[in-house]
Amino acid sequence: MSTINKIADGVIWTIASKFLSAAYAFVAVPILIGLYGKADYGLIGLALSINIYMTLLDLGFSNTNLRYFSNYLAKNDIENVRRLFGTSITFYGSIGIINALIIFGISFFVGDIFQVTPEQVVILRSLLYIIALNAIFNWYTSCFGQLIQGAEYVDFFSKISFIGNLLNVVVLALTLIFKFSIVEYYAGLVFLGLIYRTILSIRKIKAIIPDISFRPHFDKNLFKETLPYSMNIFSVSLLTWGALQLQPILLGIRCNSSEVTDYNIIFSIYSFLGFIGGSFNSAIFPSVTKAVALHNREVIERVAYQGTKYLVIVISFVTFGYISVSPDVMHMYLGDSFMYLVPWMDIYFINLLGSHNAGMSAIIYAGTDIRLITRYSAFSYITMVIVFWFLIPYYGARSIAISGTMCNVMQMSFYYFYYWPKKLQINSRYIFFRDLLPFMMMGILVTFVLRMFTVSDSHLIQFLVKGTMFVLIFSSIVYMMIERKDREFFGWFVKVKLLRRSEA
């Protein structure tokens, strides 16, 4: 299978998986709030926030392994693949035990750290026990998916995630039928997914490298070789993704679990819309790593210019399509009592446009020197967390809109004005004025027009009519704006990758 076919398959399945995951979160939130209550449901988000920060124990080896697996496999260096795989099992297995012990220790002090009732303390501790047990097995198997992705089987890995999301729906249905407690619901969600994912991953890895060993062993020299890159990745993760996961914890400390629920609502819809950039990055990273390793400038520039343009179109479609009907979505989703979140969510969701740099990020992280990215990320994300902390007493969970927008502007300015043109020799002016600005302004204009008038008193009818109008208007204008080669590509993509797949 050619690189473009692998990327296309990977993008399709990754988007399908993330769409189902986000759709599940979108639907499950109001159901679970109704079943357990707003305050108790917020305990799941609180427990997850505590453990999610433990993922920093990864020390950047997830991206490092993906890069090195891709590099070794591109050069058919199977011996180094075996060495890295065994070393990773040892490393991750050790982290799993450490993670479990930390979570177990924190469970004794949740009543003192967070503003929760004695009854909620019991629930929160039980949730943390489940997370601690899952951490041991989940860490040990972490490198399984990294090897599969490194072999450019992104579509297979995404299929596993897709099946897992279907199982989540099954767990939710069983919870409603049998009235599971919040602890029983979460236990089913965690362990059912772990079992099936491990079995399917082992089978696929044996198909890629039949004689590979799943027993831990540690190669000191290989570990030292990969460590510098890992430390750079870790530094970025510590102050980017880790900073984002700190926000609900800060809300729990300065406010209460109800504000954490508001935060989860914002993030559930944001995730529902924001999976595309991450999906594209995950799908192309192995292929981009291969291109960088083989010094294939043609592929790199195709990703930078053509890939970014396609990303901008799709992300603009999703972002502005949602904002054009966001009041109606909130009415149908959670009712009038949460309408105060709508303007803040609209502001925050504009930041989804920042994920148009996913292709460029893949190019950056496929290289070896990301120290400058690390330093600037540290500055921008520390600033974001500080601003968020001071805004909490005034805006609560809505502070994310202000601090997140500020951070996104800082990041994009750095990339466009310095890093892309100076370090990657990419024409950032071309990307901004030819790929980003026209489609962004067109999306804003269409959204503004649709938000100005009311079609019906029924929010469902408004959602359907305005949503359909946006799709037709946006698609028609995009078709007139793009070049002939782009129309031919989209035609090929729909015909070969979507229609034939559905017929099969």
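The values are calculated or read from the model by the stated rules, or taken from the named source; none is laboratory data. What you see is a predicted model; the values in this text were computed from it and never measured. Glycine also receives a Cβ, built like all others from the backbone with ideal geometry; neighbour counts cover every protein chain displayed. Only protein heavy atoms, including side chains, enter the accessible area calculation; ligands, DNA and RNA are left aside. Shrake-Rupley method; radii C 1.70, N 1.55, O 1.52, S 1.80 Å.
Listed here are the residues, each with its yes/no results for (1) hydroxyl-bearing (Ser, Thr, Tyr); (2) over 22 Å from Ser258 (Cβ atoms); (3) out of contact with any strand residue (DSSP E or B) (no Cβ under 6 Å at 6 or more places or on another chain); (4) open to solvent by less than 10 Å² (accessible area, probe 1.4 Å).
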site: Tyr333; (1), (2), (3), (4): yes, no, yes, no
site: Ile370; (1), (2), (3), (4): no, yes, yes, yes
site: Trp389; (1), (2), (3), (4): no, no, yes, no
site: Ile400; (1), (2), (3), (4): no, no, yes, yes
site: Ser403; (1), (2), (3), (4): yes, no, yes, yes
site: Met412; (1), (2), (3), (4): no, yes, yes, no
site: Lys422; (1), (2), (3), (4): no, yes, yes, no
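So, Ile392, is that one part of a helix (DSSP H, G or I), under 25 Å from Asp346 (Cα atoms) and in contact with a Lys or Arg (Cβ under 7 Å, 6 or more places away or on another chain) or not? Yes, satisfied. If Val385 meets every condition in (1) within 21 Å of the chain's Cα centre (by Cα); (2) more than 26 Å from Thr308 (Cα to Cα); (3) open to solvent by 40 Å² or more (accessible area, probe 1.4 Å) apart from one, which number is that one? The number of the failed condition is (3). Restricting segment 464-488 to residues that are surrounded by fewer than 16 Cβ atoms within 10 Å (Cβ to Cβ) and among the basic types (Lys, Arg) leaves a set whose member that is farthest from the chain's Cα centre (by Cα) is Arg484. Within segment 26-46, the set of residues being in a helix (DSSP H, G or I), farther than 17 Å from Leu251 by Cβ and modelled with pLDDT of 75 or more comprises Val27, Ala28, Pro30, Ile31, Leu32, Gly34, Leu35, Tyr36.
Name the single residue that is farthest from Asn357 (Cα to Cα) among those in segment 300-328 being part of a helix (DSSP H, G or I) and small (Gly, Ala, Ser). So the residue we want is Ser326.
Pairing residues of segment 437-463 that are over 17 Å from Ile315 (Cα atoms) and in contact (Cβ under 8 Å) with a residue 12 or more places away in the chain with residues that are surrounded by 15 or more Cβ atoms within 10 Å (Cβ to Cβ) and of a type in the set (Phe, Trp, Tyr), at Cβ distances under 7 Å and at least 6 apart in sequence or on separate chains, gives Leu450/Phe470. Can you confirm whether Ile269 is at pLDDT 75 or above, assigned to a helix (DSSP H, G or I), of a type in the set (A, V, I, L, M) and surrounded by 20 or more Cβ atoms within 10 Å (Cβ to Cβ)? Spelling it out, it is not the case that Ile269 is at pLDDT 75 or above, assigned to a helix (DSSP H, G or I), of a type in the set (A, V, I, L, M) and surrounded by 20 or more Cβ atoms within 10 Å (Cβ to Cβ). When segment 90-131 is filtered for residues that are touching a residue at least 60 places away in the same chain (Cβ under 8 Å) and under 30 Å from Ser213 (Cα atoms), the ones remaining, listed by number, are Thr90, Phe91, Gly93, Ile130, Ile131.
So Asp457 clears everything in (1) outside any helix (DSSP H, G or I); (2) among the acidic types (Asp, Glu); (3) open to solvent by less than 70 Å² (accessible area, probe 1.4 Å) except one condition, right? Which one? Going through (1) outside any helix (DSSP H, G or I); (2) among the acidic types (Asp, Glu); (3) open to solvent by less than 70 Å² (accessible area, probe 1.4 Å) one by one, Asp457 breaks only (3). Of everything in segment 208-244 that's among the polar types (S, T, N, Q) and either modelled with pLDDT of 70 or more or not in a helix (DSSP H, G or I) (or both), which residue is nearest to the chain's Cα centre (by Cα)? Selected residue: Thr240. Against the criterion of being crowded, with 18+ Cβ neighbours inside 10 Å and either out of contact with any helix residue (DSSP H, G or I) (no Cβ under 8 Å at 6 or more places or on another chain) or hydroxyl-bearing (Ser, Thr, Tyr) (or both), Thr374 qualifies.
Yes/no per residue for (1) in a helix (DSSP H, G or I); (2) within 30 Å of Met481 (Cβ to Cβ); (3) modelled with pLDDT of 90 or more; (4) in contact with a Cys (Cβ under 8 Å, 6 or more places away or on another chain):
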| position | (1), (2), (3), (4) |
| --- | --- |
| Arg375 | yes, no, no, no |
| Ile382 | yes, no, no, no |
| Ile386 | yes, no, no, no |
| Asn408 | yes, yes, no, no |
| Ser413 | yes, yes, yes, no |
| Lys422 | yes, yes, no, no |
| Asp435 | yes, yes, no, no |
| Val449 | yes, yes, yes, no |
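Of the helices (runs of 4 or more DSSP H) lying entirely inside segment 47-160, those carrying at least 1 residues that are at pLDDT below 80 and crowded, with 22+ Cβ neighbours inside 10 Å are 61-74, 142-150.
Which members of segment 310-325 meet the condition of being more than 19 Å from Leu472 (Cβ to Cβ) and either of a type in the set (Gly, Ala, Ser) or open to solvent by 20 Å² or more (accessible area, probe 1.4 Å) (or both)? Matches in segment 310-325: Tyr310 only.
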